[in-house]
1. On full extension of the chain, what length is gained from residue 168 through residue 123, given 0.36 nm per residue of separation minus the C-alpha to C-alpha distance?
2. Could you sort the peptides 67-73, 79-85 by per-residue average Cβ neighbour count (10 Å cutoff), highest mean leading?
3. At a Förster radius of 30 Å, what calculated FRET efficiency corresponds to the Cβ-Cβ distance of residue 41 and residue 185, to the nearest 0.05?
4. Please arrange 117, 181 by counting, for each residue, the other beta carbons lying within 10 Å of its beta carbon, fewest first.
5. Find how much the distance from residue 176 to residue 146 grows on full extension, using 0.36 nm per residue of separation minus their present alpha carbon separation; answer in nm with one decimal.
6. Remind me, relative contact order of the range 64-186 in percent, using alpha carbon pairs under 8 angstrom and six or more residues apart?
7. Give the Rg/Rh ratio for the range 49-186, taking Rg as the radius of gyration of the Cα atoms and Rh as the Kirkwood radius, to two decimals.
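Read the figures in this text as sums done on the coordinates, not as results from a lab. Since we're looking at a predicted model, the values are computed, not measured. Methodologically, a virtual Cβ is constructed for each residue, glycine included, from the backbone with ideal geometry; neighbour enumeration extends over all protein chains shown.
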């Protein structure tokens, strides 16, 4: 990465909004299976709007862990409300809603993934995810998803988890990107 790109990365307003200097974030509790346990305050939230408000409130208190959980809950609630028929469709919808979270944070106002929703209406959610992964322009939303605690909701991550529903080219491209992300995150 060029020095000018590094300097720009440090001045990124999205990064500044999402990553306030937070120290000593509490570790997540784990259940018997080793999965992260959702905070009971987040689990009680019933609507995506409640989750967004809760996330804003806890960010003011530098609780990135709770803000991430609230965002995940909002994404899940929106996907459930859409009415997916299968697990893979639900995860694809969660990826679309997570992408909208990134757009909203980037633009500083509520932003919908209008082209993606248009493709979903015309061709279905699986085709929309395949289209998102196969865009010619590099789809650089993963860093923002990671900063927001939504990295499992990247389009590519859904494709890697459910390769049987996507073309070989899409699966190959997704695996390559996920591997690149893993190298840069460690």
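1. This chain segment gains 14.3 nm when fully extended.
2. 67-73, 79-85
3. Approximately 0.60, to the nearest 0.05.
4. 117, 181
5. 9.1 nm is the gain from fully extending residue 176 to residue 146.
6. 24
7. Here Rg/Rh amounts to 0.96.
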